[in-house]
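Notes follow once the structure below has been shown.
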Amino acid sequence: MTAAPLSGTRRWDAQRGFDELGRPLHGVTFCVVDLETTGGSPGDGDMITEIGAVKVRGGEVLGEFQTLVNPHTAIPAFIAVLTGITNGMVADAPPIRAALPAFLEFAAGSVLVAHNARFDVGFLKHDALRLDIAWPDFDVLDTVKLARHVVTRDEAPNHKLSSLARVFRSATTPNHRALADARATVDVLHGLMERLGGLGVHTLEELQGYSSKVASAARRKRHLAEHLPHAPGVYLFRDDSSRVLYVGTSRDLRRRVRSYFTASEKRTRIGEMVQIASSVSAVECATPLEASVRELRLIAEHKPPYNRRSRHPEKVTWLKLTREPWPRLSLVKRVLDDDADYLGPFSSRAAAESSLAALHEVFPIRQCNDRLARQPRRSACVLAEMHRCLSPCDGSVDPQTYAAVVRQLRDTLLRRPDDVVDLVQARMSDLAAQERFEEAAHHRDRLADFVRAAARSQRLTALTGCPEVIAARREDDGRWAVHVVRHGRLAAAGVIPAGADAVTYVDDLRATAETVLPEVGPTPAATAEESERILRWLESPGVRLVDVVGEWTCPVQGAGRHAPTFASTKVGP
């Protein structure tokens with residue numbers, strides 16, 4: 001096989017969306033909200049008595065919102081003393097049924113900010129649910145959480161709004177009235193954002209992620225991301241000896257890698273990896289699919305210690321129907337060019353053994369592991385006595401009858417698994433009727449493993465049997481991503497430039513794509529995981545087939561049609 005590299009020079013460098021770049025803080029509209037209530041819990045019947053909010057963007061106040069709210073319940077005396085809001089003040093105020101829609105209209109399209117957002121947003125969402133008012137899908141920031149990791153105890157004794165207002169020299173003194181407290185929270189928010197900007201936090205996503213602690217040693221390494229592009233691709237963390245520690249992929253390399261140094265990383269292993277890392281390199285890719293495929297290949301090549309998955313694609317198990325005078329089923333580690341039929345690959349030997357057991361329940365072929373002569377002279381085993389084997393070893397079955405069973409088994413493996421599904425489901429039903437639910441569940445699990453393996457193998461074989469599939473999809477930026485797939489392996493990827501002739505571009509991409517020669521097995525040219533990722537993209541909405549060389553078809557009566565029915569099978573009460 002000759003290898004021409006996948007396209008790494010083309011990139012999505014025009015008008016990337018917010019999801020790829022992150023939303024710069026200076027362009028985000030924040031709605032800072034504060035509430036006054038009759039108590040501390042809406043679940044205990046406490047009600048909102050005042051809503052105050054300030055809308056800001058880029059440091060500029062865009063508008064303010066304030067309304068008292070009639071709680072239709074008495075305001076406790078200590079609350080009236082604390083807030084200065086009395087029963088007489090709210091008697092003529094609008095109820096929450098009117099006030100809440102007005103606030104939601106004011107806050108529409110913004111990011112909600114509150115000091116202790118769980119309290120304020122919790123009250124608002126509780127009343128929206130109670131009154132059957134649609135709650136928008138707001139992003140929410142909590143200035144208390146941010147302050148806990150920015151403001152030290154040397155600066156303030158606690159993280160109450162009044163203390164933080166003094167630290168950041170707010171122009172408004174909090175006084176337990178909603179609008180005044182919202183104005184003070186605006187100043188606190190801007191003060192926090194100013195500090196975090198010096199730590200490399202420039203987008204809303206980074207600010208949201210900064211709500212939990214990041215080790216100072218990791219934060220100091222944020223410069224490792226500065227040379228990376230805003231483009232899809234694969235990133236590789238390396239240690240002092242250039243050993244690859246971790247491989248990942250992202251639509252935006254710089255933003256994703258920076259998040260390791262400025263955002264919360266709850267995975268202990270990854271936090272440890274960041275401490276060890278001394279450099280980050282990247283492979284820029286034309287499309288996210290190319291990045292995903294490259295990630296798999298690089299993980300398999302380098303076997304990074306901090307990647308848990310995909311490190312050993314070679315460690316799989318296949319179920320083989322042998323080609324010999326008296327065929328049998330066997331578990332093997334690799335596919336040979338021996339004209340045998342294979343099912344898989346299985347990611348675990350246990351799943352392969354489970355599928356093997358399901359097949360042996362239905363097809364009474366021999367289970368001994370050695371080769372038999374055409375005219376064997378042996379004694380029958382215990383399986384024959386239990387009527388679970390046709391027993392060719394002692395001449396109990398003629399070659400023609402045995403071959404007929406093998407043909408039926410081969411058809412089950414490759415095309416139509418109904419015999420196994422029907423028989424095992426019937427046994428499950430019988431066991432469930434006898435309330436032998438554990439045994440029924442055991443049969444169910446065997447059947448599940450077999451159906452998944454058969455469906456997977458049939459889907460993979462359909463794709464890998466095609467010498468070439470070329471497909472395209474219009475991406476969010478309006479341009480067309482094109483992929484060339486050969487025998488289930490991604491051979492080339494690119495994005496048609498604006499104004500370019502599509503036919504010429506596809507022809508050029510096809511001509512420079514990697515040469516992939518056919519090999520044996522359901523996944524001859526790539527790992528099963530790579531081919532499955534390609535399949536998911538090919539089957540995603542909006543994909544158009546440009547050209548298909550060969551026949552890309554799956555059996556009409558294949559295993560895939562059993563998956564939904566089987567998934568809903570119940571064997572217990």
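The values are calculated or read from the model by the stated rules, or taken from the named source; none is laboratory data. Only a predicted model underlies this, so the values are computations on that prediction, with no experimental measurement involved. Neighbour counts run over all protein chains shown; Cβ positions are idealised from the backbone, glycine included.
Scanning the stretch 270-318 for residues that are basic (Lys, Arg) and under 21 Å from LEU538 (Cα atoms) returns ARG294, ARG297. Could you check, for the stretch 127-143, whether at least one of its residues is of a type in the set (Phe, Trp, Tyr), closer than 22 Å to ARG183 by Cα and surrounded by fewer than 21 Cβ atoms within 10 Å (Cβ to Cβ)? So far as the stretch 127-143 goes, yes, one or more of its residues are of a type in the set (Phe, Trp, Tyr), closer than 22 Å to ARG183 by Cα and surrounded by fewer than 21 Cβ atoms within 10 Å (Cβ to Cβ). Among the residues of the stretch 368-394, those identified as part of a loop (DSSP other than H, G, I, E, B) and either among the polar types (S, T, N, Q) or touching a residue at least 40 places away in the same chain (Cβ under 8 Å) (or both) are CYS368, ASN369, ARG371, LEU372, ALA373, ARG374, GLN375, PRO376, SER379, SER391.
Of everything in the stretch 476-526 that is under 30 Å from GLY344 (Cβ atoms) and of a type in the set (D, E, K, R), the residue that is surrounded by the fewest Cβ atoms within 10 Å (Cβ to Cβ) is GLU519. The residues of the stretch 39-66 that are crowded, with 20+ Cβ neighbours inside 10 Å and polar (S, T, N, Q) amount to a single one, THR49. For the structure I just gave you, tell me whether THR29 is touching a residue at least 24 places away in the same chain (Cβ under 8 Å), in contact with a strand residue (DSSP E or B) (Cβ under 8 Å, 6 or more places away or on another chain) and either buried (at least 20 other Cβ atoms within 10 Å of the Cβ) or not assigned by TED's automatic domain parsing to the domain that holds ALA182 (or both). For THR29, the condition - touching a residue at least 24 places away in the same chain (Cβ under 8 Å), in contact with a strand residue (DSSP E or B) (Cβ under 8 Å, 6 or more places away or on another chain) and either buried (at least 20 other Cβ atoms within 10 Å of the Cβ) or not assigned by TED's automatic domain parsing to the domain that holds ALA182 (or both) - is not met.
What are the residues in the stretch 395-430 that are hydroxyl-bearing (Ser, Thr, Tyr), under 13 Å from PRO325 (Cα atoms) and in contact (Cβ under 8 Å) with a residue 40 or more places away in the chain, if any?
Restricting attention to the stretch 395-430, the residues satisfying the condition of being hydroxyl-bearing (Ser, Thr, Tyr) are 396, 401-402, 412, 429.
After this cut, where a residue has to be under 13 Å from PRO325 (Cα atoms) as well, the list is 401-402.
Of everything in the stretch 395-430, just one residue is hydroxyl-bearing (Ser, Thr, Tyr), under 13 Å from PRO325 (Cα atoms) and in contact (Cβ under 8 Å) with a residue 40 or more places away in the chain, namely TYR402.
In this structure, ALA448 does not qualify as surrounded by 24 or more Cβ atoms within 10 Å (Cβ to Cβ), at pLDDT below 85 and not charged (D, E, K, R).
Looking at the stretch 67-76, which of the residues that are of a type in the set (A, V, I, L, M, F, W, C) and buried (at least 16 other Cβ atoms within 10 Å of the Cβ) is farthest from LEU35 (Cα to Cα)?
Filtering the stretch 67-76 for residues of a type in the set (A, V, I, L, M, F, W, C) gives 68-69, 74-75.
Then keep just the ones that are buried (at least 16 other Cβ atoms within 10 Å of the Cβ); that gives 68-69, 75.
On the way: LEU68: 10, VAL69: 10, ILE75: 14 Å.
Of everything passing the filter in the stretch 67-76, ILE75 is farthest from LEU35 (Cα to Cα).
Of the numbered criteria (1) surrounded by fewer than 18 Cβ atoms within 10 Å (Cβ to Cβ); (2) at pLDDT 85 or above; (3) under 25 Å from GLN400 (Cα atoms), the one GLU361 fails is (2). Restricting attention to the stretch 47-92, the residues that are in contact (Cβ under 8 Å) with a residue 12 or more places away in the chain, farther than 19 Å from ALA180 by Cα and either outside any strand (DSSP E or B) or out of contact with any helix residue (DSSP H, G or I) (no Cβ under 6 Å at 6 or more places or on another chain) (or both) total 11. Of the listed requirements (1) within 28 Å of the chain's Cα centre (by Cα); (2) farther than 22 Å from GLY63 by Cβ; (3) touching a residue at least 40 places away in the same chain (Cβ under 8 Å), HIS149 misses just one: (1).
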